[in-house]
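Structure first, commentary second.
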Amino acid sequence: MPRVSQDHLAARRRQILDGARACFARHGYEGATVRRLEEATGLSRGAIFHHFRDKESLFLALAEDDAARMADVVAAQGLVQVMRDLLANGSAHPADWLGTRLEVSRRLRTDPEFRARWAERSEQLTVATRNRLARQREAGNLRDDIDIEVLTAFLELVLEGLVSHVAMGLPADDLEPVLDLVEETVRRHRARDEPR
């Protein structure tokens, strides 16, 4: 029997995650039945659960994948850019990751076991935000009168508020100036006579 290449396994895993993301976003965790997951991924139950132990492991891997992608954006461009990306992709039809993020929030509130598992993994975005803010402060671009932990919490709360706003279907096409204000709030303001 021929061995399956690592590239093939990685591509199959990506196919499952992409299909599952759309399925969880459309139907929620409970509504994403195995049959719906099969339809969304184009794969059989055996193929899906060869890569993931069970539905919860699949969902957690998906949420981790989304968090890792967000952390990459944060590291390169900051948390406000994640928010800008949400608006760019989510004005008319919220991105599939939004559905996953909302489902994570719901499960954190209602499922203590999931909350414990997620706590181990959720620090990634916070660490990326903290590190980005520290680099910005060292470069002289970030205000220095407020602790980085407070600025991190502020930006995370704004993100959660934006996610809720978009999830409720409220108009989001006029929020770019709000994000400009958020960004301006954390920037260091130089005195007129201070060199740039």
To the nearest 20 Debye, how big is the dipole of the chain about its Cα centre, given +1 on the beta carbon of each Lys and Arg and -1 on that of each Asp and Glu?
660 debye
Computed FRET efficiency, Cβ-Cβ of ARG188 and ASN131, R0 25 Å: what is it to the nearest 0.05?
0.90
Treating the beta-carbon of each Lys and Arg as +1 and of each Asp and Glu as -1, no other charges, what is the dipole magnitude of the range 135-195 about its Cα centre, to the nearest 20 debye?
200 debye
Binned Cα-Cα distances of the range 20-131, short to long, each 10 Å bin given as a whole percent
14, 42, 34, 10, 0
Candidates VAL73, VAL178, VAL166, ranked by Gaussian network fluctuation over the chain, Cα under 10 Å, top entry
VAL178
The range 1-91 - percent of accessible surface contributed by carbon and sulfur, probe 1.4 Å
49 percent
Tell me the label-point distance for the pair MET168, ARG26, using the 7 Å Cα-to-Cβ offset, in nm and rounded to one decimal.
2.8 nm
Per-residue ellipticity at 222 nm attributable to helices in the chain (runs of n ≥ 4 DSSP H, -39500 (n - 2.57) apiece, nearest 500 deg cm²/dmol) works out to -24000 deg cm²/dmol
Using +1 at the Cβ of each Lys and Arg and -1 at the Cβ of each Asp and Glu in the chain, identify which of GLY46, VAL150, LEU175 lies farthest towards the dipole's positive end.
GLY46
If you compute log10 I(q)/I(0) by the Debye sum over Cα atoms at q = 0.13 Å⁻¹ for the structure shown, which of (1) -0.71; (2) -0.95; (3) -0.78 do you land on?
(3)
In Å², what does the accessible area per residue of the range 114-173 work out to with a 1.4 Å probe?
56 Å²
Given a 1.4 Å probe, the accessible area of the range 1-70 per residue, as a whole number of Å², is 57 Å²
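The values are calculated or read from the model by the stated rules, or taken from the named source; none is laboratory data. If you're wondering where the values come from, they're calculated on a predicted model, not measured in any experiment. Quick reminder, even Gly has a Cβ in these numbers, built from the backbone with ideal geometry, and neighbours come from all protein chains shown. Please note that ligands, DNA and RNA were not included when accessible areas were found on the heavy atoms of the full protein model with its side chains. Shrake-Rupley method; radii C 1.70, N 1.55, O 1.52, S 1.80 Å.
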